[in-house]
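Peer 1: Here it is, the structure, as C-alpha cells.
The values are calculated or read from the model by the stated rules, or taken from the named source; none is laboratory data. The structure displayed is predicted, hence computed values, not measured ones. Glycine gets a Cβ as well: all are built from the backbone with ideal geometry, and neighbour counts include every protein chain shown. Note: accessible area is taken over every heavy atom of the protein model, side chains too, but ligands, DNA and RNA are not part of it. Shrake-Rupley method; radii C 1.70, N 1.55, O 1.52, S 1.80 Å.
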Amino acid sequence: MAGAHEQWSSRLAFIFAAVGSAVGLGNIWRFPYMAGENGGAAFVLVYIGFIAVVGLPVLIAELTVGRRGKLSPTNSIRKLSEESGSSSKWGWIGHLASLTGGLGLLSLYSVIAGWVLAYIIKTATATFVGVDAAGAQAMVGAYVGSPGTMVFWHFIFISLTVFVVARGINAGLEKVVTYLMPILFLLLLVLVGYAMAAGNFLEALSYLFTPDFSKINGTVLLNAIGQAFFSLSLGLGTMIAYGAYLPKSISIHRSAALIALADTGVALLAGLAIFPLVFAFGLSPSSGPTLIFEVLPIAFGQMPGGVVFGTMFFVLLGIAAITSSISMLEPAVSWFEEKQGITRVGAAIFGGTLAFVVGLLTVFSSNEWQSIIPLASLGVVEINGNPATYAEIISFIVSNLIMPVASLMLAIFVGWYVSRDHLRDELDLPEGGIFELWHVSIKYVAPVAIGVILVWGLMPQGEGLPVEEAAPVEISEEAQSTSDASEIQEISISSTE
Ligand code: PHE
C-alpha cells in the first residue's frame, strides 16, 4: 500500500501535481473550441462564474475527504461515513468516479493524447510547412483513418502513464510534475508571446473578453459548467486521491483557490496563444474539436518560425496531457492496491490495460467500426440527433453523466452527512467566515446547480445536450471525409463558415 502511506514532499509538489491534473487537454484543446462554439467571451464569463461558485467548493470538498480518509477515493469516503455514522454505501461514489469514470476518461484521453504525440513528430519534421486547409484536413483524415497508427500512439501514451503511476507518488507523479510543470508554463508564455508578435492579438482579446450577453442560453450554461468540472478534474476521484497524500500542515482552501486560479489562467492563456493565429489567417474560431489538429497546422505551416513554435505547441499539449492522465489512473490504482493487496506496479499495469482495451473502441469507432452503431437500431442512443458511436457514448457517459452525478452525490454527502466539526477540523478553519461560505456552497448551491444541469442534460435530444466535447464526434466526420474527396470539400466549407 505504498500510495496510502506516501505524502507529497512539499506544498509546491502538491500544487504542481494538482495543477498538472487540472491543466490538460481540457484547457488547451477543449476550452478554446468550447469557447469558440459557444459564443466566445459570454461563455468565458459564465465558465469563470461556475468555477468560482460550484467548482471551487467541490474541489475543496474532494481534497478534504481525501485528506481525512487518507485512502483511495472509495475507502476514504467509507471512512468518513463510518466516522459520521452514515451508510458505507456512500463509498459507491468512489467506485463510480474512479473505476468507471477515471478509467473511462483515460481510455479516450489517451487516444487524443497519442494523436498529440504523433503531431509533435509531424510538426518537428516540417510536415505542415505550406499546408492549406484541404491538406491539413487530409492529414487529419489520414491519421484517424489508420487504426494501426492510432493504436500505436495510444499504446505509447498509456504506457508512459502506467510507468509514472507505477513508480508511486514521490518517485513517479511528483517527480514528473516537478520537471514538467515549469516547462509547461514557460512554453505557454513563449507561445502567447509568439501569438502576440505574429498573430492578430487584438481580435483575439476582444473575442475572448468582450461578452455579448445575448449569446448566453441554456446550452452555453450547460457547456460552461461541464467545462468547469472537466477542467478542474472533478467527479472522477482525482482530487480525493491527491488529497490523501496531503500533509496536514497544508491549507486546503488556499491551495484549492490557487489551483482554480492557475487552471483558469492557463485556459485563458491557451486561448490567447491560439486565437490570434486563427484570426490572423481568417480561420474559424468555432470549428470545433478540429481546431487544434486541423486549423492550427495551417497557421503554423505559413508563419515564420512555424516549425519551432508549432512543435513547442504540441509538446506543451503532450505535457499537459500526461500530467492529467496520471491523475485519472491514480484513484483506481490506489483502490486496487488497497483492496486486492496487489503491488502498485501490478495495479498500474492492470488499470492501464483496462483503459487501453476500452480505448480501442474509440480508435476503431473512428474508422473500421464506424458503421457499427450500438443501439442505433433501437433508436435509443442518439447524440446531436445522430446515432452515436462507441467513442461518443463513452465520452457522453463520462463527462455528462459520471462527472456531474459523482460530484452531486459527493456534495450531498459532504454537505449533509459528514460532521461539520470534522470538516472544520480538516480544513483548519474557525466557524463562520470562509468555512460558512464554503459549507453553504457545498450543502445548497452546488447540489442545486449540478442537479439543474443534470436534468437539463438528460432531457431528450436537441438544444440541451452538450456533446461537442467529444473528440470522436469529429473523428468520425473526418474518417468519412477520407473515403470521399468531395466530402472533404464540404466539411472544409462548413468548418470555415
Ligand atoms: N482536468 C483535465 C483536463 O483539463 C482532465 C481531467 C478530468 C483529469 C478529470 C483528471 C480527472 O484535461
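Peer 1: Pull up segment 1-54, narrow it to residues that are aliphatic (A, V, I, L, M) and in a loop (DSSP other than H, G, I, E, B), then point me to the one that is farthest from the ligand (Cβ to nearest atom).
Peer 2: Only one residue fits best here, namely Met1.
Peer 1: Then there's this: For Ala61, work out the one condition from (1) assigned to a helix (DSSP H, G or I); (2) open to solvent by 10 Å² or more (accessible area, probe 1.4 Å); (3) at pLDDT 95 or above it doesn't fulfil.
Peer 2: Evaluating Ala61 over (1) assigned to a helix (DSSP H, G or I); (2) open to solvent by 10 Å² or more (accessible area, probe 1.4 Å); (3) at pLDDT 95 or above leaves (2) as the failure.
Peer 1: Okay, next question. Would you pick out the residues in segment 284-315 that are among the aliphatic types (A, V, I, L, M) and open to solvent by less than 30 Å² (accessible area, probe 1.4 Å)?
Peer 2: Those that are among the aliphatic types (A, V, I, L, M) and open to solvent by less than 30 Å² (accessible area, probe 1.4 Å): Leu291, Ile292, Val295, Leu296, Ile298, Ala299, Met303.
Peer 1: Which members of segment 86-107 meet the condition of being under 27 Å from His422 (Cα atoms), surrounded by fewer than 23 Cβ atoms within 10 Å (Cβ to Cβ) and among the hydroxyl-bearing types (Ser, Thr, Tyr)?
Peer 2: Ser86, Ser87, Ser88
Peer 1: Determine whether segment 327-335 contains at least one residue that is assigned to a helix (DSSP H, G or I) and surrounded by fewer than 24 Cβ atoms within 10 Å (Cβ to Cβ).
Peer 2: Within segment 327-335 (the criterion being assigned to a helix (DSSP H, G or I) and surrounded by fewer than 24 Cβ atoms within 10 Å (Cβ to Cβ)), the answer is no, since none of the residues qualifies.
Peer 1: Here is a follow-up. Identify, please: which residue in segment 186-216 is among the charged types (D, E, K, R) and out of contact with any Gly (no Cβ under 6 Å at 6 or more places or on another chain) and is, among those, surrounded by the fewest Cβ atoms within 10 Å (Cβ to Cβ)?
Peer 2: Going through the qualifying residues, I end up with Asp212.
Peer 1: What single numbered condition from (1) more than 30 Å from Ala198 (Cα to Cα); (2) touching a residue at least 12 places away in the same chain (Cβ under 8 Å) fails to hold for Ile342?
Peer 2: Going through the list (1) more than 30 Å from Ala198 (Cα to Cα); (2) touching a residue at least 12 places away in the same chain (Cβ under 8 Å), Ile342 breaks only (2).
Peer 1: List pairs: first in segment 243-262 and farther than 15 Å from Gly55 by Cβ, second acidic (Asp, Glu), Cβ under 9 Å, 6+ apart or cross-chain?
Peer 2: Gly243/Glu62; Tyr245/Glu6; Tyr245/Glu174; Lys248/Glu426; Lys248/Asp428; Ser251/Asp428
Peer 1: Which one of Ser233, Ser159, Ser206, Ser214 is assigned to a loop (DSSP other than H, G, I, E, B) and either away from the ligand (no atom under 16 Å from the Cβ) or not β-branched (Val, Ile, Thr) (or both)?
Peer 2: Every option except Ser233 fails the conditions.
Peer 1: Six or more apart or on different chains, Cβ under 9 Å: which pairs go from a residue in segment 14-34 that's open to solvent by 10 Å² or more (accessible area, probe 1.4 Å) to one that's among the polar types (S, T, N, Q)? Could you list them?
Peer 2: Correct list of pairs: Ile15/Ser255; Phe16/Thr178; Phe16/Thr323.
Peer 1: Taking the condition of being open to solvent by 10 Å² or more (accessible area, probe 1.4 Å) and modelled with pLDDT under 90, how many residues in segment 217-245 meet it?
Peer 2: Qualifying residue count for the region: 5.
Peer 1: Another question about this same structure. Select from segment 122-160 the residues that are more than 17 Å from Ser365 (Cα to Cα), within 23 Å of the chain's Cα centre (by Cα) and of a type outside the set (Ser, Thr, Tyr) and list them in ascending order.
Peer 2: Ile156, Phe157, Ile158, Leu160
Peer 1: Among what's in segment 108-122 and is among the small types (Gly, Ala, Ser) and within 14 Å of the ligand (Cβ to nearest atom), pick the residue that is surrounded by the fewest Cβ atoms within 10 Å (Cβ to Cβ).
Peer 2: Ala113
Peer 1: Just to be sure before I move on: is Thr323 among the β-branched types (Val, Ile, Thr) and either buried (at least 24 other Cβ atoms within 10 Å of the Cβ) or at pLDDT below 95 (or both) in the structure I sent?
Peer 2: Criteria met by Thr323.
Peer 1: Looking at (1) more than 16 Å from the ligand (Cβ to nearest atom); (2) under 16 Å from the mean Cα position of the chain (by Cα), which is the one condition that is false for Glu82?
Peer 2: (2)
Peer 1: Just one of the numbered conditions (1) in contact with a His (Cβ under 9 Å, 6 or more places away or on another chain); (2) more than 16 Å from the ligand (Cβ to nearest atom) is not true of Pro73; which one?
Peer 2: Result: Pro73 fails condition (2) only.
Peer 1: Tally time: how many residues in segment 239-263 are within 12 Å of the ligand (Cβ to nearest atom) and either in a loop (DSSP other than H, G, I, E, B) or in contact with an Asp or Glu (Cβ under 7 Å, 6 or more places away or on another chain) (or both)?
Peer 2: Residues that pass the stated criteria total 3.
Peer 1: Is it the case that some residue within segment 321-335 is touching a residue at least 24 places away in the same chain (Cβ under 8 Å) and away from the ligand (no atom under 16 Å from the Cβ)?
Peer 2: Looking through segment 321-335, none of the residues is touching a residue at least 24 places away in the same chain (Cβ under 8 Å) and away from the ligand (no atom under 16 Å from the Cβ).
Peer 1: Here's something else I'd like to know. Working carefully through the options Gly464, Gly457, find the one that is open to solvent by less than 40 Å² (accessible area, probe 1.4 Å), modelled with pLDDT under 95 and in contact with a Phe, Trp or Tyr (Cβ under 6 Å, 6 or more places away or on another chain).
Peer 2: Going through Gly464, Gly457 in turn, the sole match is Gly464.
Peer 1: Now a separate question. With respect to Ala267, determine if the residue is over 20 Å from Leu173 (Cα atoms), surrounded by 23 or more Cβ atoms within 10 Å (Cβ to Cβ) and within 13 Å of the ligand (Cβ to nearest atom).
Peer 2: Yes, satisfied.
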